[in-house]
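Just below is one structure, and these are the notes that go with it.
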Amino acid sequence: MEAKTACEAQEAFRRLLVERDENRLRHVGLAPTFSDDVDQSYLPRLDTSGKMPDTLKTEKGHLSRWKEAIGHLRLDRIRPHHVTGHLQRFKTKSRANRPCNLALVMLRHVLKSARVDSYLAALPVEGIPWQRVDKKARRLYTREDIAQFCTAAFKTRQNEKGETVPATKNA
């Protein structure tokens, strides 16, 4: 916003002083596009994060879908309707709430990283609600089930050489 009067300019200058004191100055210049930020900033951090390989594979898969959906937008131009629109399209394909929630988590990771890099003052996903996931009722194991499992785990047999070995490969 450009000030039209001296009073507006002074007010804008005071806001900048407050932001500087609170260490939350805005980034000067154009923010990178979502795709560029993911490729140049987030993925190198992700590769050194120590996460399990399957987690990395899942996260990179969701990030590629996010890049297709909002990759052309600059980070400071991403709005909640962009996010909810993609989630709605993703929901129609996957027909499950949990993958939608995971996709939203991956997007939050990238946007939080962009906030650390001072490209964002606030996250555009703040008010987006989680999709409700029904918890499955699981039956509890009885003492007899546990005893049967333990018996099977320690069962032994004779091999070709006449030695006693576990009945199963992994005992």
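In this structure, is LEU140 modelled with pLDDT under 85, among the aliphatic types (A, V, I, L, M) and not in a helix (DSSP H, G or I)? Against the criterion (modelled with pLDDT under 85, among the aliphatic types (A, V, I, L, M) and not in a helix (DSSP H, G or I)), LEU140 does not qualify. Filtering the range 53-78 to residues that are under 14 Å from ASP37 (Cα atoms) and among the β-branched types (Val, Ile, Thr) leaves ILE70, ILE78.
From ASN101, ASN97, which residue is touching a Phe, Trp or Tyr at 6+ places or on another chain (Cβ under 6 Å), farther than 16 Å from THR33 by Cα and surrounded by 14 or more Cβ atoms within 10 Å (Cβ to Cβ)?
Details: ASN97 fails: touching a Phe, Trp or Tyr at 6+ places or on another chain (Cβ under 6 Å).
Just one listed residue meets the conditions, ASN101.
Those helices (runs of 4 or more DSSP H) of the range 24-92 in which at least 2 residues are of a type in the set (A, V, I, L, M, F, W, C) and either over 17 Å from LYS112 (Cβ atoms) or in the same structural domain as LEU111 (by TED's automatic domain parsing) (or both), considering only elements entirely within it, cover 43-47, 53-70.
Within the range 145-171, count every residue that is hydroxyl-bearing (Ser, Thr, Tyr), surrounded by 10 or more Cβ atoms within 10 Å (Cβ to Cβ) and either at pLDDT 80 or above or part of a loop (DSSP other than H, G, I, E, B) (or both).
1
If the requirement is being over 30 Å from LEU30 (Cα atoms) and not hydrophobic (A, V, I, L, M, F, W, C), which of these qualifies: ARG132, ARG108, ARG115? Of ARG132, ARG108, ARG115, the one residue that is over 30 Å from LEU30 (Cα atoms) and not hydrophobic (A, V, I, L, M, F, W, C) is ARG132. Going by the conditions given, is VAL110 in contact (Cβ under 8 Å) with a residue 24 or more places away in the chain and not in a helix (DSSP H, G or I)? Judged against the criteria, VAL110 is not a match.
The values are calculated or read from the model by the stated rules, or taken from the named source; none is laboratory data. Source: prediction; values computed, not measured. Glycine gets a Cβ as well: all are built from the backbone with ideal geometry, and neighbour counts include every protein chain shown.
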